[in-house]
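Right, one structure below, let's go through it.
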Amino acid sequence: MTNDTIRVGVLSLQGGVIEHVNMLKKIANVIVKELKSTEQIKVFDPHGMILPGGESTAMAIIAEKDQELFPYLQQLVHSQKIAVWGTCAGSIMLSNQVDHQKKGGQSLIGGLEVQISRNYFGRQINSFETTLTLNLHDDQEEGGASINKMEFEGIFIRAPAILKTLSDKVHIISDFNHTKPDGTEETVIVAVQQDNMLATVFHPELTNDNRFHQYFVDFIIKNNQQQQQQLNIIK
Ligand SMILES: NC(=O)CC[C@H](N)C(=O)O
């Protein structure tokens with residue numbers, strides 16, 4: 001990261017792109033760009049990527065024009081291991097197991113070892129807001145994880161829910177008690193992190209609070225340092 005400039009790309013096929021861009025513009029040392037194609041991603045060479053919310057089926061259809069796009073994103077996330085944050089539809093793209101996936105629908109990047117269920121809370125009309133507690137993990141620090149708790153407004157729009165983690169590499173950042181239509185309660189997971197991946201099923205970009213975006217920028221910096229260290233070990 002020359003001159004401490006952090007390049008963050010926001011995948012811009014469809015959905016809530018500009019909201020992420022505006023949030024990131026408020027953070028020092030960040031250059032943010034909307035990226036629509038493989039070529040644009042290659043030229044910008046991001047340190048971190050945001051996969052925004054929207055409609056994952058629509059995003060997959062739009063991406064058909066650029067057959068290289070999803071394989072290239074997979075390479076960035078899984079070989080180059082750049083930091084990536086999926087919000088809502090973006091979290092579906094990162095997940096390894098997707099319930100209620102449309103046939104030929106969501107193009108997946110995968111890697112995040114969770115089971116996610118699309119449109120879990122119902123239709124658009126069932127969208128809601130609730131105050132969440134986030135347990136932000138700082139486990140790249142020496143001496144193990146330190147956890148920073150913060151209250152955060154969770155905005156859920158036709159959101160998926162993470163039903164299960166499939167590996168102990170996945171850290172749960174937030175879950176909450178949800179009352180199902182039949183009146184029974186259950187705990188659903190709404191934010192996780194694993195290695196270089198972060199996923200939220202809610203929308204921090206729709207609040208006036210950019211602390212989660214700041215967390216992602218710090219996550220990019222730490223991830224980048226870790227990747228550099230790995231490279232030095234290999235050399
Ligand atoms: N706000 C959102 O991103 C909704 C996600 C959408 N329901 C999907 O499955 O793609």
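Assess whether E19 counts as being within 16 Å of the ligand (Cβ to nearest atom), within 27 Å of H171 (Cβ to Cβ) and either modelled with pLDDT under 95 or surrounded by fewer than 19 Cβ atoms within 10 Å (Cβ to Cβ) (or both).
Criteria met by E19.
For residues that are in a loop (DSSP other than H, G, I, E, B) and in contact with a His (Cβ under 9 Å, 6 or more places away or on another chain), scanning just the range 43-71, find the one that is surrounded by the most Cβ atoms within 10 Å (Cβ to Cβ).
G53
I'd like the full set of residues that are crowded, with 18+ Cβ neighbours inside 10 Å and either among the aromatic types (F, W, Y) or free of Cβ contacts under 8 Å to residues at least 60 places away in the same chain (or both), limited to the range 177-200.
Scanning the range 177-200 gives V190, A191, Q193.
Go through Q40, Q80, Q74 for me and flag whichever is assigned to a loop (DSSP other than H, G, I, E, B), among the polar types (S, T, N, Q), more than 16 Å from the ligand (Cβ to nearest atom) and more than 13 Å from the chain's Cα centre (by Cα).
Every option except Q80 fails the conditions.
Would you be able to say whether some residue in the range 56-68 is in contact with a Leu (Cβ under 7 Å, 6 or more places away or on another chain), modelled with pLDDT of 95 or more and over 19 Å from F202 (Cβ atoms)?
No; the residues of the range 56-68 include none that is in contact with a Leu (Cβ under 7 Å, 6 or more places away or on another chain), modelled with pLDDT of 95 or more and over 19 Å from F202 (Cβ atoms).
The values are calculated or read from the model by the stated rules, or taken from the named source; none is laboratory data. In this text, all values refer to a predicted model and were calculated from it rather than measured experimentally. Positions of Cβ are backbone-derived with ideal geometry, glycine not excepted, and every protein chain shown enters the neighbour counts.
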